[in-house]
Structures are given as C-alpha cells and as structure tokens.
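Reading through the structure tokens given below for one structure.
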Amino acid sequence: MTVLVRSGVGPLCALARAAIPSIWRGNYFSSGNEPAENNPVTPMLRHLIYKIKSTGPITVAEYMKEVLTNPAKLLGIWFISEWMATGKSTAFQLVELGPGRGTLVGDILRVFTQLGSVLKNCDISVHLVEKTPQGWREVFIDIDPQISDKLRFVLAPSATPAEAFIQHDETRDHVEVCPDAGVIIEELSQRIALTGGAALVADYGHDGTKTDTFRGFCGHKLHDVLIAPGTADLTADVDFSYLRRMAQGKVASLGPIKQHTFLKNMGIDVRLKVLLDKSNEPSVRQQLLQGYDMLMNPKKMGERFNFFALLPHERLQGGRHQRNARQSKPFASLVAGFSELAWQ
C-alpha cells in the first residue's frame, strides 16, 4: 500500500524464549516440513539467527523490516480530476508513500506538464496476532530448536503492545495489524481536513474480512516466508476497515472498490478503444488487449487490487464553489473512479 511504513515492537528478552509455547502456523505461510535442501543458509538468515540469539525472538514486523530492503495515466487523471473538483489550486503536493524507486508517481507525473514532487520510500510491515485460550497473543519468529539454521513461528507468552490495536468485538481468530499505517492515516486525515487535498490508496486488501495474508513471492510464485530470507518479496494485504477507523471521521472515506470497477469508472474502455483505433500494428494491438486483460480480468489483477480514497467532507457535499444558487444546501459531487468519470 502506498501509505504504510515500517513498524516494530521490541523483541522479547532472551530469557523469555524458553517460555514461548508453540509453533504458530498460518494458512499461507507455515514453515516446518520443508526439506533442508530447500532452505539455503543465506547471509540474511545468518544475520537473523545472530540477532535472535542475541536478543530473543523478533516480531513479524521486524522480520519484514530486516528482509525487505500500471495504470499510471489513469491514476494521473484521477488526481487531475480531484484538483479540478476542488478549485484548481495553483499549488498542491503529490506525494507517494510506498516501497520502490518512485516509478509509479514518475509515470503519473508524465500526465502533468509541470509539477514537482518529493518521493519517500517505505516498506509495509505488519504484526500478526492470534486468539488463544489465554487471550490475544502476538506471533514471533524464533530459531527452530531442532535445526539450528532454521526459523519458525512461535507465540508470545504474554501480552504485547500490538494487541492494543485489536477491536473489542473482533470475530476473527487471526488478525494482522499495522500501527504505523494508522499513524500515517491520522496525519493524512488531519492535513486533508485542515488544508484540503485527497489521498488515494491502491493495494491488495480487504475490508476487515481476511485473516492470514502474510506471504512471500519469488519468481512470481508463492514462497515460504521463512525460507531463504532475503531472496523473496514479502507482503501482506491492507485492512481497509482499519484505515477507515483510523481516519476517525475527520475526513470522508470512499471504498475500497475493486480495481476493475475503479478503472472502468475512469474510462479505461474508452481509452483502450482510442488506442486500438490509432494502432495499425497487430503486435501493438495484441499487447494493448493483453494489458487490458491483466488489469481488468477478475481472475488476474481486476479483483486483487482495491482503491480507497480520503477526501474532505465538503468535497462530497459539493463545496461552496459548487453551490447552486437555488438550493439552500450544496449538492453531492461525484468522485472520479468511485463513480463514472465526469469532467467539469
């Protein structure tokens, strides 16, 4: 997600390791039965083993922090649409919060003629918490006592700060929390409420319905997150219900909606037709159709990515500059992507 940053609660003390009760296994990333030859001892694994031996088990968030070192034009149109809808201010900021080298926002900037931007790189890290008969317990990563160069999941023997982010009426038995995401959403919400603007979040995610989404990818294939650390990408889905909650009503939130719905509302079908009409090369046309299918197909990226927006409350009420003289109240204003695109 483009607004999540690293987070970490300090590791347990070394003396607590013996009291940690059991291996914790998730649906997608459990580790424990893999052959030794599939678990090469990478430099990162050596570093983690030394770290755990020195200070005790580490949180999943700290593990991710250690290990983790396009429809851009349509996204650019979304920002332009919001800029137009909020009065066409002569100065505004476009900020991308996310991992990488700023490639996405670089593509978005090409939609604009003249614009400067400050890019910030940050990683997504989550804490895993499981419901047990003793209450909520955070998942840690420790050294397997049977194999000295292998890692395993364990449960913390007592409460940790991550548990404070669990809702009292939570019905799931496994929850992934990202406290720093809440901090960023709070800051974004306060800034948007005071000075205007908008935030658009696009990522894998759910609306408070999923449990175990922490997973690894290597060569575009699922990869055990504890095997050969440093050789695979680690990720976890965004809980948009948590982001909405952390906005604390300071701003309005829209979504999440699926990528294929957002892009369809943004006019991707019209754009595809225009590009196909302009192209006489069969290979180019095939590439365009394949790209469209990748973005829109529900079995590919169409339903995997979600879009979520934060906007000032007055933006959805129309704002003073859109007030109809015959009405005593401002009329509702459509938001591009979350309804059919309409230029004003």
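The values are calculated or read from the model by the stated rules, or taken from the named source; none is laboratory data. Keep in mind that this is a model prediction, so the values were computed, not measured. All Cβ positions, even for glycine, are placed from backbone atoms using ideal geometry, and neighbour counts span all protein chains on display. These area figures cover heavy atoms from the full protein model, side chains too; ligands, DNA and RNA do not enter into them. Shrake-Rupley method; radii C 1.70, N 1.55, O 1.52, S 1.80 Å.
For the stretch 215-223, putting each phi into the Karplus relation 6.51 cos²θ - 1.76 cosθ + 1.60 with θ = phi - 60° gives couplings of 7, x, 10, 9, x, 6, 10, 4, 9 Hz, in residue order, rounded to whole numbers and with x for Gly and Pro.
Calculate what fraction, in whole %, of the accessible area of the stretch 126-176 sits on carbon and sulfur atoms when a 1.4 Å probe is rolled over the protein chains. About 49 percent, which is the carbon plus sulfur part of the accessible surface. Exposure check, 1.4 Å probe, all protein chains in place: D224 carries approximately 30 Å² of accessible surface.
The packing ranking, built from the mean of other Cβ atoms within 10 Å per residue, places the peptides 213-223, 274-284, 183-193 in the order 183-193, 213-223, 274-284, highest first.
Counting only residues at least eight positions apart within a chain, or on another chain, the aspartates and glutamates with an alpha carbon under 12 Å from that of K51 are E62, E66, D142.
Scaled against the 2.2 N^0.38 Å expected of a compact globular protein of N residues, the Cα radius of gyration of the stretch 174-268 reads 1.28. Quick one: divide the alpha-carbon radius of gyration of the stretch 126-176 by 2.2 N^0.38 Å and tell me what you get. The value comes to 1.26. Cross-link pairs exceeding 20 Å in C-alpha to C-alpha distance, out of K264/K300; K53/K131; K273/K299, comprise K53/K131; K273/K299. What is the distance in Å between the Cα centroid of the stretch 221-237 and that of the stretch 275-318? Rounded to whole Å, the Cα centres lie 28 Å apart.
Computed with a 1.4 Å probe over protein heavy atoms only, the accessible area of T261 comes to about 50 Å².
What FRET efficiency comes out for Q146 versus R245 if R0 is 45 angstrom and r is the Cβ-Cβ distance? Round to the nearest 0.05. Don't skip to the end; give the middle numbers.
Numbers: r = 41 Å, r/R0 = 0.91.
Result of the calculation: an efficiency of 0.65.
Based on protein heavy atoms only, the stretch 126-176 ends up with 45 Å² per residue of surface accessible to a 1.4 Å probe. Could you give the nm distance between label points at A164 and T42, where each point is 7 Å from its Cα heading toward the beta carbon? Between A164 and T42, the label points sit 3.3 nm apart.
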